[in-house]
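Below is one structure, written out as structure tokens; the observations come after it.
The values are calculated or read from the model by the stated rules, or taken from the named source; none is laboratory data. For clarity, every value in this text was computed on a predicted model and none was experimentally measured. Virtual Cβ from ideal backbone geometry, glycine too; neighbours counted across all protein chains shown.
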Amino acid sequence: MRGLRKSVLICCLGAGLVGCQSVDASKEEVVASAEWVESETNKVQSNANTLDDRIKKIENDINEIKGNESTNPQPTPEPGLFTDVPKKFFAYDEILFLVDRDVIRGYPDHSFRPNQTITRAQTASMLVRELGLTAPDDYELKATDVSKNHDAYEPLRVVEYHRLMTGRDGKLLPGEGLKRSQMAVLLDRAFDLATSDQTYVFTDIDSSYPNFDQINTIAHNRITTEINKAFRPNETTTRAQFSLFLARAIHEPFRP
């Protein structure tokens, strides 16, 4: 190149920047060029940091959205609702009342099976939860038909200790259905129900019937509405029926 000294150009490439400088340029030119490169590099780095921050924010927003979808994929169902207990069911309010108190629970498939016979073991569990009962650690279950591997071993041990459920011939019969006469006895023992000198009339039992006093007591407290009708003492109780009776024993406004 005429009129200019030969020079070797050094091209500085980095982060999209190109800076060229002559090898024999003055010291001031070198310093000025170095400062310019550093300045431009800092600008690029600053822009890169800003971009990283924006990317991180977007990623956080995405993760938050995914987390919300995982936690609440659909509206939360009504508390205590079972697939087989519609709102028009005769014991709907009483069942939900007991669910709210953590006294009764459904099955893993979200059903309650209201028309299924309630067992004595299930009854024991419900009473223990409602009354908050416990038994001394050293108390050993006397019943001969309940092993320590039984699902309801602890509540059965507790109700036996408190003599709420005494069984027959040394057996608690946990898998048997709860009879209506047994239901009357349990509720009378478990709750502070008012007694009465009045004798209520049923068409299928009289005062000579075993456990008539307890049946008379639940009639007086409006827990049963079978007065002047058949009480059916030997008929087993369904899960819905026992929920109805138990709710009435606990909460007087449920009584008709």
Kindly check whether there is at least one residue in the range 231-251 that is in a loop (DSSP other than H, G, I, E, B), modelled with pLDDT of 95 or more and of a type in the set (A, V, I, L, M). no
On the basis of being in the same structural domain as residue 126 (by TED's automatic domain parsing), under 17 Å from residue 234 (Cβ atoms) and either in contact (Cβ under 8 Å) with a residue 40 or more places away in the chain or surrounded by fewer than 16 Cβ atoms within 10 Å (Cβ to Cβ) (or both), does residue 192 make the cut? no
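Residue by residue, here is whether (1) modelled with pLDDT of 75 or more; (2) farther than 21 Å from residue 179 by Cβ; (3) buried (at least 19 other Cβ atoms within 10 Å of the Cβ); (4) not assigned by TED's automatic domain parsing to the domain that holds residue 165 holds:
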{"site": "56", "(1), (2), (3), (4)": "no, yes, no, yes"}
{"site": "64", "(1), (2), (3), (4)": "no, yes, no, yes"}
{"site": "78", "(1), (2), (3), (4)": "no, yes, no, yes"}
{"site": "87", "(1), (2), (3), (4)": "yes, yes, no, yes"}
{"site": "110", "(1), (2), (3), (4)": "yes, yes, no, no"}
{"site": "133", "(1), (2), (3), (4)": "yes, yes, no, no"}
Hits in the range 125-140 - residues which are free of Cβ contacts under 8 Å to residues at least 24 places away in the same chain and more than 21 Å from residue 103 (Cβ to Cβ): 137, 138, 139, 140
Residues (crowded, with 16+ Cβ neighbours inside 10 Å and of a type outside the set (A, V, I, L, M, F, W, C)) located in the range 163-177: 167, 174, 176, 177
Residue list for the range 150-171, restricted to those being more than 16 Å from residue 125 (Cβ to Cβ) and free of Cβ contacts under 8 Å to residues at least 24 places away in the same chain: 166, 168, 169
Looking only at the range 209-256, and only at residues there that are within 18 Å of residue 189 (Cβ to Cβ) and of a type in the set (A, V, I, L, M), the one that is surrounded by the fewest Cβ atoms within 10 Å (Cβ to Cβ): 250
Quick test for you: out of 155, 210, 174, pick the one residue that is touching a Ser or Thr at 6+ places or on another chain (Cβ under 8 Å), part of a loop (DSSP other than H, G, I, E, B) and within 27 Å of residue 99 (Cα to Cα). 174
